[in-house]
Every structure is written in structure tokens, then in C-alpha cells.
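One structure is given here, and the rest of the page talks about it.
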Amino acid sequence: MNSTSRKRRPDSSLTRTDSLSSESLSPTKSPAMTNGIRVRNLFLLLLFACVVIYTLFSFSPIRRAQFPSLVRSLGLSSTRRRHLLFSIASSHDSWLRRSSYVRLWYSPESTRAFVFLDRGGFESDPSLPPLIVSEDVSRFPYNFPGGLRSAIRVARVAKEAVDRDDKDVRWFIFGDDDTVFFVENLVTVLSKYDHRKWFYIGSNSESFDQNVRYSFDMAFGGGGFAISASLARALSKVMDSCLMRYSHMYGGDSRIFSCLAELGVTLTHEPGFHQI
């Protein structure tokens with residue numbers, strides 16, 4: 001009876017463990033370890049700040065507005081309408097229907113442009129750009145199932161326009177016969193860039209399916225795109241050999257994109273080029 005009513009003494013080992021303070025459980029940090037943690041935290045904080053600043057600066061309209069002053073600091077005169085040469089890909093069958101689109105933006109007094117056709121037969125119209133019959137492209141292979149061989153001729157416009165050797169051209173602009181350009185806006189955009197360097201400027205399609213099928217980093221001809229004069233001259237030298245290698249591509253803009261990729265040039269995205 002007495003043995004059962006006697007109170008059990010608590011387990012001394014458990015009691016000792018439970019009564020230990022948190023101070024006795026945590027190891028004492030050395031000054032060197034504390035300093036190391038502070039340095040690491042400071043580094044991470046600075047890295048995060050740099051990422052935030054870079055992101056804001058990269059997409060800020062203020063940064064975009066600084067490009068003209070940067071170009072001027074390089075000793076370049078301002079880009080004007082006369083520095084742009086438009087090369088429009090069309091055909092004999094579509095030109096009559098689509099020449100009205102070109103009239104919307106072309107001015108014979110201030111705009112330099114050519115229209116490239118597969119064959120002639122039209123009388124010259126002083127209110128429209130001069131018509132040029134493209135060179136023969138029958139020697140180039142085309143293997144895309146169900147595609148159109150005219151894509152080769154359209155791509156080769158990028159070479160034929162440069163080979164004309166027109167003077168004082170800073171930018172070669174390429175588009176279709178139903179592309180509508182806002183020339184002054186285009187001049188403003190291109191003024192941000194140095195035409196002596198290699199630039200391929202445009203935008204991808206506004207159709208997700210088109211981007212998936214071709215590329216999110218390809219400028220679509222329907223929206224138009226610009227190539228700096230220095231890059232256009234380099235492209236013209238390799239265009240024919242490049243067309244031989246890319247017979248499996250669908251369109252002309254895909255071929256130009258592939259040839260520029262071989263030159264190590266990627267697309268500079270400008271949202272003002274719209275391909276619908």
C-alpha cells in the first residue's frame with residue numbers, strides 16, 4: 001500500500017534536458033562567422049538591387065529617349081527620310097490590286113522606294129515607286145511541301161536592293177505590297193541606332209500560332225523590318241549560297257532570318273512593326 005502510494009521521482013535525465021536553456025543548446029558564433037553572414041547578406045541585397053535597377057532601366061521609356069543623344073555623341077548626323085530605302089516585294093498579279101496600299105505612305109518627293117515584281121508589263125506611274133523585275137531564281141532549290149517558289153525571289157530582294165548601290169542609304173526597309181509604313185515614325189525609331197553597326201530590326205507576329213510555327217525571334221515581312229546598311233551589304237555577299245542551304249524553309253522572311261542567324265545577328269525587337 002505504501003509502495004503504491006509513494007510518488008515517483010521524476011526522471012532526472014529528462015528533467016535536466018528539458019530545463020536546459022536555448023542559450024546552452026545553440027553553439028556560440030565566432031566573430032568571423034558573424035561577419036561572413038553579414039557580408040553574404042549584403043552581397044545578396046546589392047545583387048537584388050542591381051537586378052531591379054537593370055530591369056527598370058532596360059524597359060524604361062527614358063532609356064529609349066536617350067538613344068538619339070547617344071547616336072549624336074558618336075558624331076552621326078540625324079537620320080532623315082532620304083536615308084531609308086524601301087524595297088517592296090510584289091508580283092505582276094497582285095500589284096494592281098495592292099498598289100493603293102503603297103500610295104498611302106509613298107511620296108515621290110521624299111521617299112526612296114522600289115517595287116520588285118516577278119515580271120513586267122506595267123507602265124511607269126510617277127506617283128508610285130519605280131518597278132523592277134527581279135532576277136531569275138530558277139537555279140535555287142525549293143523543297144517546302146505545298147509552298148511557293150516565289151519565296152526565293154522575295155528573299156533575294158534583300159540582295160538585289162543592296163546591289164543597286166544607291167548612295168547615302170543607311171537603312172534598307174523590306175515589306176510586302178500590302179504593308180503600310182508610317183515613314184516619319186520609322187525614321188524616329190531608326191534614329192536610335194547606329195547604321196554602321198549590324199542591326200536587324202522588327203517584330204514577331206501578333207499571331208501566337210505563327211510565332212510557334214516559324215519563330216518568336218523572326219521579323220515577319222508582312223509587318224516590315226529594317227536592316228542597317230552595313231549588315232545589308234554583308235548579307236548580300238552570302239545570300240545566294242545561303243539560299244542553297246535553306247531550300248526547306250517556307251517563306252522569304254524565314255530565309256532572310258536564317259541567313260542573318262548564320263552571320264550571328266539576332267532580331268532587335270521594336271514593337272511598332274505589326275504583323276497581324
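Around Ser107, under 15 Å between beta carbons, what's the net of Lys plus Arg minus Asp minus Glu among the other residues? Numbers along the way, then the final one.
Values: positive: Arg80, Arg81, Arg82, Arg103, Arg112; negative: Glu109, Asp125, Glu184.
Spelling it out: positives minus negatives among the neighbours equals +2.
Counting only other residues whose beta carbon sits under 12 Å from that of Cys259, what net charge do I get with K and R as +1, D and E as -1?
Values: positive: Arg156, Lys159, Lys237, Arg245, Arg255; negative: Asp240, Asp253, Glu262.
Net charge in that neighbourhood comes out at +2.
Normalised by the number of residues in the range 79-269, what is the relative contact order in percent for Cα pairs under 8 Å and 6+ residues apart?
Working: 341 pairs, mean separation 51.0, N = 191.
It comes to 27 percent, rounded to a whole number.
What percentage of all Cα-Cα pairs in the range 79-269 are separated by more than 21 Å?
The proportion of pairs with Cα distances above 21 Å equals 48 percent.
How do 41-49, 263-271, 157-165 rank on mean C-beta neighbours within 10 Å, highest first? Please report the intermediate quantities before stating the final value.
On the way: 41-49: 10.0, 263-271: 14.0, 157-165: 18.8.
Ranking the peptides 41-49, 263-271, 157-165 by packing returns 157-165, 263-271, 41-49.
Near Ser247, within a Cβ-to-Cβ distance under 12 Å, what is the net charge of the other residues, with Lys and Arg +1 and Asp and Glu -1?
Details: positive: Arg139, Arg149, Arg245, Arg255; negative: none.
That works out to +4.
Asn143 to Glu109: extension gain in nm, 0.36 nm per residue of separation minus the Cα-Cα distance? Mind showing how you got there, number by number?
Values: separation 34, 0.36 × 34 = 12.24 nm, distance 4.21 nm.
My answer for the length gained is 8.0 nm.
May I ask you to order 223-230, 188-195 by the average number of other C-beta atoms within 10 Å around their residues, highest value first?
Working: 223-230: 23.1, 188-195: 19.1.
Packing order, densest peptide first, comes out as 223-230, 188-195.
Read-outs: derived from the displayed coordinates by stated rules, not from any lab. In this text, all values refer to a predicted model and were calculated from it rather than measured experimentally. All Cβ positions, glycine included, derive from the backbone under ideal geometry; neighbour counts span all protein chains shown.
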